[in-house]
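Before I ask anything, here is the structure I am working with.
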Amino acid sequence: MDRFDCDRMFITVLDVGSFAGAARRLGTSTSQASKLVSKLEADLGVQLINRSSRALSPTEVGRAYYDRMKGLMEEIALVDASVRNASGLPTGKIRLTAPMSFGTICLAPLLYDFAADYPEIQLDVSFSDRVVNLIDEGFDMAVRIGTPSDSTLIARKICDARFVIVAAPAYLERHGTPSSLKALSEHECIIDMNFRDPNAWRFKKHDINEAAIANVSGRLSFSDGEACLGAAVAGLGIARVPSFIAGPFIREGSVVPILADVEMTPLGVHALYPPSRHLAPKIRVLLDHLAARLRGKPEWDRGW
């Protein structure tokens, strides 16, 4: 067993909080993770981690060793990256997670361009609406919509996500166009179950006498924004969907935006990554690429 492997596993176990999580992150078995840390303890002649059936924690000497070795390991990684990048092109593998619809519609085309520009970088991308634990599951970066909730991660805003109220012209011809938030309660609304409170549609509050929340209902509910938009295009009701989904359909006239003057405040789209003394070049260039391509008014919000 190489001493470097032992040190790396020890650092990862404390970062993640478990042998199983560290094993997943480094691509090995839980038993191997335990053996590596035990070998390190045997070499040093001290116990570094207190183990129990419920949790593990560093001993006093283990915490001191972690604090010293964490910096050294980051320095080694930086030197390694600088040598590998002598050609001027970053290398390595990036594991990225992003929401399903935003990922497939908006990020995928940007990642294709990024892959063409940086042929030495491998991309392992997971599009899922599940909020993953970056450190525990071994991801380098996440793209998420809304206010970041994990204060242990570094967040960089890359763009805004608008949410628009839309309906098909045929629906509005049959049922009329709602002129106020209160009027929405009289319409058939298509509910996106991905929201925390899916029947409470939030809007900007311009008039102190008007509520900024419309309580809506409808017979169709989906846990997918694209399905909600599809129902609206079919004339089945009014939907609240992200503009990155609705934009092309608004441009072609399949749906029209309504109540635009009280559209809810956009949510920030952030790239999140674990803190480190030195940001890996591969992560830096991906962050810069996304920020540059999404700067200003996104393509999906143009032309309507």
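Just a yes or no: is a residue in the stretch 91-114 on the phi < 0 side of the Ramachandran plot and at pLDDT below 90?
yes
Quick check: is even one residue across the stretch 117-136 open to solvent by 10 Å² or more (accessible area, probe 1.4 Å), closer than 19 Å to Leu294 by Cβ and in a helix (DSSP H, G or I)?
Yes: one or more hits.
Quick check, is Leu259 open to solvent by less than 10 Å² (accessible area, probe 1.4 Å) and in contact (Cβ under 8 Å) with a residue 60 or more places away in the chain?
Numbers: open to solvent by less than 10 Å² (accessible area, probe 1.4 Å): no; in contact (Cβ under 8 Å) with a residue 60 or more places away in the chain: yes.
For Leu259, the condition - open to solvent by less than 10 Å² (accessible area, probe 1.4 Å) and in contact (Cβ under 8 Å) with a residue 60 or more places away in the chain - is not met.
Filter the stretch 58-82 for residues that are more than 12 Å from Ile11 (Cα to Cα), at pLDDT 85 or above and open to solvent by less than 60 Å² (accessible area, probe 1.4 Å) and give the result.
Passing the criteria: only Thr59.
To continue, here is another question. With the condition being over 14 Å from Ala168 (Cβ atoms) and in contact with a Leu (Cβ under 6 Å, 6 or more places away or on another chain), I'd like the strands (runs of 3 or more DSSP E) fully within the stretch 228-284 carrying at least 1 qualifying residues.
267-273
Looking only at residues that are assigned to a loop (DSSP other than H, G, I, E, B) and in contact with a Ser or Thr (Cβ under 8 Å, 6 or more places away or on another chain) in the stretch 155-202, which one is surrounded by the most Cβ atoms within 10 Å (Cβ to Cβ)?
Taking the candidates together, the pick is Ala168.
If I filter the stretch 137-152 down to residues being in a loop (DSSP other than H, G, I, E, B) and open to solvent by less than 20 Å² (accessible area, probe 1.4 Å), which single residue comes out as farthest from Trp304 (Cα to Cα)?
Per the criteria, the residue is Gly138.
Could you tell me whether Leu267 is open to solvent by 10 Å² or more (accessible area, probe 1.4 Å), within 19 Å of the chain's Cα centre (by Cα), of a type in the set (A, V, I, L, M) and more than 21 Å from Ala183 (Cβ to Cβ)?
yes
Mind checking which pairs have a first residue in the stretch 35-55 that is farther than 15 Å from Leu14 by Cβ and of a type in the set (D, E, K, R) and a second that is in a loop (DSSP other than H, G, I, E, B) and open to solvent by 80 Å² or more (accessible area, probe 1.4 Å), Cβ under 7 Å, 6 or more apart or different chains?
The qualifying pairs are Lys39/Met1.
Okay, moving on. Identify all residues within the stretch 241-256 that are surrounded by fewer than 21 Cβ atoms within 10 Å (Cβ to Cβ) and of a type in the set (A, V, I, L, M, F, W, C); write none if there are none.
Passing the criteria: Phe249, Ile250, Val256.
Just to check your reading of the model, which residue among Ser52, Ser34 is out of contact with any Leu (no Cβ under 8 Å at 6 or more places or on another chain), farther than 20 Å from Ala280 by Cα and open to solvent by 50 Å² or more (accessible area, probe 1.4 Å)?
Values: Ser34 fails: open to solvent by 50 Å² or more (accessible area, probe 1.4 Å).
Among Ser52, Ser34, only Ser52 is out of contact with any Leu (no Cβ under 8 Å at 6 or more places or on another chain), farther than 20 Å from Ala280 by Cα and open to solvent by 50 Å² or more (accessible area, probe 1.4 Å).
Do the conditions hold for Val37, that is, is it in contact with a helix residue (DSSP H, G or I) (Cβ under 7 Å, 6 or more places away or on another chain) and not in a loop (DSSP other than H, G, I, E, B)?
Here the answer is yes, as Val37 does meet what is asked.
In addition: Ala232 - would you say it is touching a Phe, Trp or Tyr at 6+ places or on another chain (Cβ under 6 Å) and over 21 Å from Leu110 (Cβ atoms)?
no
The values are calculated or read from the model by the stated rules, or taken from the named source; none is laboratory data. Everything quoted here is computed from the prediction, not taken from an experiment. Cβ atoms come from the backbone with ideal geometry, glycine included; neighbour counts cover every protein chain shown. Note: accessible area is taken over every heavy atom of the protein model, side chains too, but ligands, DNA and RNA are not part of it. Shrake-Rupley method; radii C 1.70, N 1.55, O 1.52, S 1.80 Å.
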